[in-house]
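So the structure is just underneath, and the comments pick up after that.
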């Protein structure tokens, strides 16, 4: 499962976001995520995907695809370090 697919799944299953609303170009703001919600979202991603994305690097204007790219980068680094 790709980082994007995992993040989409988290959004739908954990945060009860309508699956039809989640596309790569959807911004966190369009999903009605404010800064506190983003922190919670990133904590869940850390738990689920074993990645650590600082909340200072993600804003409501980031797209789901951009967050997935950040996660994918970390996952690739982890795989390369193994």
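Relative to the longest principal axis of the Cα atoms of the chain, the long axis of helix 3-13 makes an angle of roughly 40 degrees.
Among 30, 47, the ranking by other beta carbons within 10 Å of each residue's beta carbon, starting with the fewest, stands as 47, 30.
What order do you get for 53, 7 when you list them from fewest to most C-beta neighbours inside 10 Å?
53, 7
The angle between the Cα long axis of helix 64-81 and the longest principal axis of the Cα atoms of the chain comes to about 10 degrees, rounded to the nearest 10.
Report, in degrees rounded to the nearest 10, the 0 to 90 angle that the Cα long axis of helix 35-49 makes with the longest principal axis of the chain. Around 40 degrees separate the two axes. Note on semi-axes √(5λ) of the Cα gyration tensor in Å: of the candidates [x] 33, 23, 9; [y] 20, 13, 11; [z] 23, 16, 10, the value calculated from this structure sits at [y].
Laboratory data are not the source of any read-out in this text; all were calculated from the coordinates shown. This is a predicted model, so every value here is computed, not measured. Here the Cβ is made from the backbone with ideal geometry for all residues, glycine too, and neighbour counts use every protein chain on show.
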